[in-house]
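Here the structure is laid out as structure tokens; the discussion comes afterwards.
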Amino acid sequence: MHLIFDKMTATLVGAIVLVMLFGLQSRIQSNTVESTIMYAAKKQTLAFAEILERDLSNAGYLTTPGEKAILAFSNRIEAGRSLTDTLEFWGSDAAGDRVRIRYALETAGSSIREGVSVPLYRVSRYEEDYGMWKLAGASMSTLTAFRVDLLDSGNNGVIDTSDARKIRVRFENAIVGHQARDRDGRTGNIFLQRLRWGVTLSPRGLALQEFQG
């Protein structure tokens, strides 16, 4: 009888230990997956930020006095936020040649945050090539915000792009995990966290625009 009881106790203890080990392993795997997702998101965010900062620092590249540096600029309101829809300017390509560059905001899906669907975006980078726009890079497809402000020398927003002397850019990148459904039954990835990046630049090329002060 004691032998049977001892075997039952050992079996029970062994089962408890296995459950604890399985739970610990699951948590470790979950933390590892989340850390991997976080690392990849940070790497992608910084890579896009470096390209964006380099391009905007060269806005107005080889612009002559009286020539526009910012060629097109537009915003739109979506999901209660102001987003920059289009930004086009004279810039520099990888070879150092003058080229028209365009950044365009595109819808790229959605994520789920606290049961609510959150729109996601991608910003595509284009270079003009013999009158045609050629895709030359893009951000990750998990942006939740992308905003560019054209400022004068006193950091005030401008209406006429020719009055811009500074460029302020900010964007947010969502870190997303496994899939889930929102309150309306739509499927999307779980919104885990948000990475924010921003900078204000004073490109030399902007000082040579028309109506320079």
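What follows draws every value from the coordinates through simple rules; no lab data is involved. Given the structure is predicted, the values throughout are model-derived calculations rather than measurements. Using ideal geometry, Cβ is built from the backbone for each residue, glycine included, and neighbour counts are taken over all protein chains shown.
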Applied in sequence order to the stretch 53-61, the curve 6.51 cos²θ - 1.76 cosθ + 1.60 (Karplus, θ = phi - 60°) yields integer Hz couplings, x standing for Gly and Pro, of 5, 5, 5, 5, 5, 9, 4, x, 4
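Which of the peptides 165-174, 119-128, 71-80 is most tightly packed, and how do the rest follow, judged by the mean count of other Cβ atoms within 10 Å per residue? Kindly include the intermediate steps, with their values, before the conclusion.
Numbers: 165-174: 20.7, 119-128: 18.8, 71-80: 12.2.
The packing order, highest mean first, is 165-174, 119-128, 71-80.
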Spin-label model distance (nm) - ARG196 vs GLU53, 7 Å beyond Cα toward Cβ: 1.7
Once amide hydrogens are built 1.01 Å from N within the peptide plane, the residues lying 5 or more places from ARG100 or on another chain with amide H under 5 Å from its amide H are GLY91, GLU128
Grab the other residues whose beta carbon is less than 14 angstrom from that of TRP133, score K and R as +1, D and E as -1, and report the net. -2
